[in-house]
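The values are calculated or read from the model by the stated rules, or taken from the named source; none is laboratory data. Just so we're clear, the structure is a prediction, and the values are computed from it rather than from any experiment. For neighbour counting, all protein chains shown are included, and Cβ atoms are generated from backbone atoms with ideal geometry for every residue, glycine included.
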Amino acid sequence: MASGGWNRTRRSSVSTSRGIVNQECGVSQATIYTWKAKYGGVDVSEAQRLRSLEDENSRLKRLVADLSLDKEMLKAVIAKNGLSS
């Protein structure tokens, strides 16, 4: 979740103690460091764009997987019916 991590990262950068942010947000310190590395230098519009691109990438990966399954199914039907490709 880009905006959630980004908001918590921003809180972490202005907070005097990351332990307080960890407790308030209910996340581990390792998660805060991961978010800081990923979103630390990113403003809100960049984080939204990043999230949009990640969503699109996931959608396209699922589409490729579905099409690969369709292709394998069609190959099996062709082989079963004795048709050549």
* Could you pull out the residue among Leu63, Leu50 that is modelled with pLDDT of 95 or more, out of contact with any Leu (no Cβ under 6 Å at 6 or more places or on another chain) and either surrounded by 11 or more Cβ atoms within 10 Å (Cβ to Cβ) or farther than 30 Å from Ile20 by Cβ (or both)? => Leu63
* Asked: Of all the residues that make up the range 73-85, how many are loosely packed, with under 10 Cβ neighbours inside 10 Å and either in contact (Cβ under 8 Å) with a residue 40 or more places away in the chain or of a type outside the set (A, V, I, L, M) (or both)?
  -> 5
* Asked: Residues of the range 28-50 being polar (S, T, N, Q), more than 15 Å from the chain's Cα centre (by Cα) and in a helix (DSSP H, G or I), which ones?
  -> Gln29, Ser45
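A quick yes/no check of all residues on (1) of a type in the set (Ser, Thr, Tyr); (2) modelled with pLDDT under 80:
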{"position": "Ser17", "(1), (2)": "yes, yes"}
{"position": "Ser28", "(1), (2)": "yes, no"}
{"position": "Glu46", "(1), (2)": "no, no"}
{"position": "Ile78", "(1), (2)": "no, no"}
* What are the pairs, 6+ residues apart or on separate chains, where a residue within the range 35-46 that is over 17 Å from Cys25 (Cα atoms) and among the small types (Gly, Ala, Ser) has its Cβ under 9 Å from a residue that is surrounded by fewer than 17 Cβ atoms within 10 Å (Cβ to Cβ) and modelled with pLDDT of 80 or more? -> none
